[in-house]
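Just so it is clear, none of the values below were taken in a lab; they were calculated from the coordinates. Remember, predicted model here, so these are calculated numbers, not experimental data. Neighbour counts are summed over all protein chains in view; Cβ atoms, including those assigned to glycine, are modelled from backbone coordinates with ideal geometry.
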Amino acid sequence: METRANYVAVGAFVLTCMLALVITLLWLAGAQYSNEYEYYRTYFHGAVNGLGKGTDVRYNGIDVGHVADVRFDSKDPQVVIVTMQIQPKLGIRTDSMSSIEPQGLTGGSYVEISGGSKKAAVLTALPGQEYPVIKSTPSALQQLTQSAPQLLAKINTAADRLNRMLSDDNQQHLAHILANLDRTTTTLAVRSDDIDSTLASLSAASRALPATVAETDASVKKFGRLSDDADAFVRGPGLADLTGLLADTRRLVVSLNRLSDQLDRQPTKLIFGDRRKGYTPP
């Protein structure tokens, strides 16, 4: 009985040690796993072709993790929630953007995260968020796919307009235009010498234009000074003096007229005076 008890104790001790070892290994693995990744979340609108658990996640083109979970948003079936396991201490910024990019010609995809700007703050989880949320944007291929119907419609419209422009009537009009253009160019080639001389004359005239403009400007300045002088004369005492001079001149003319009349009637009287004696009463 004592030997059997020893075996039981030894077995229990071994089992206890193994259980403790397993718990220790699990704890260490969990601690290492938790320190190896940080979790982020992003929301994609529309189809996420080629995306699933284990899909690569790249940060500025460098592999930094993988997709941990993909599921629909219960509030909006058009939205896909993607949870990502990413290397810690990457410093993902608040203006970083996530997108789904094609991976070569294999048909696979990966999640691309842009680096953002260094002035932006480091992204953290907001109140009510389980993980920090990276904003998403459609990839270039998705944008092209979404705009393909509009692009095809525009191409069809352009093709219809091109067909109308190339109708038989328009082709005839175009032929006439080309013929007229050919005649015009031929005429210009024949008159090239005259055109050269005309251009030379225009060039000479353009060179003489600054001198003409300068002379005109000088004449305008002289006219302005003359106008100022005339205005000063009208507003100053010169006009009154001129008026007095004109009055004196008129009086002088009247006097000269009277003198001329006297010379015509009695020239000797003006020279020798009046020699007639006056009447003397007795």
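Observations on the structure shown:
- Approximate spin-label separation ASP63-VAL213, in nm, with each point projected 7 Å along Cα-to-Cβ: 7.2 nm
- Two-site label geometry, ALA175 and MET18: point separation in nm, points 7 Å out along Cα→Cβ: 10.0 nm
- Efficiency of FRET between GLN78 and LEU162 - r from beta-carbon atoms, R0 51 angstrom, step 0.05: 0.85
- Per-peptide packing, taken as the mean over residues of other Cβ atoms within 10 Å, places 61-72, 162-173 in the sequence 61-72, 162-173 from highest down.
- Three-way shape label, the stretch 37-138, alpha-carbon gyration tensor, a/c 1.5: oblate
- Among 115-122, 87-94, sorting by the average number of other beta carbon atoms lying within 10 angstrom of each residue, highest first, gives 87-94, 115-122.
- Ordering MET97, MET84 by the number of other Cβ atoms within 10 Å of each residue's own Cβ, fewest first, gives MET97, MET84.
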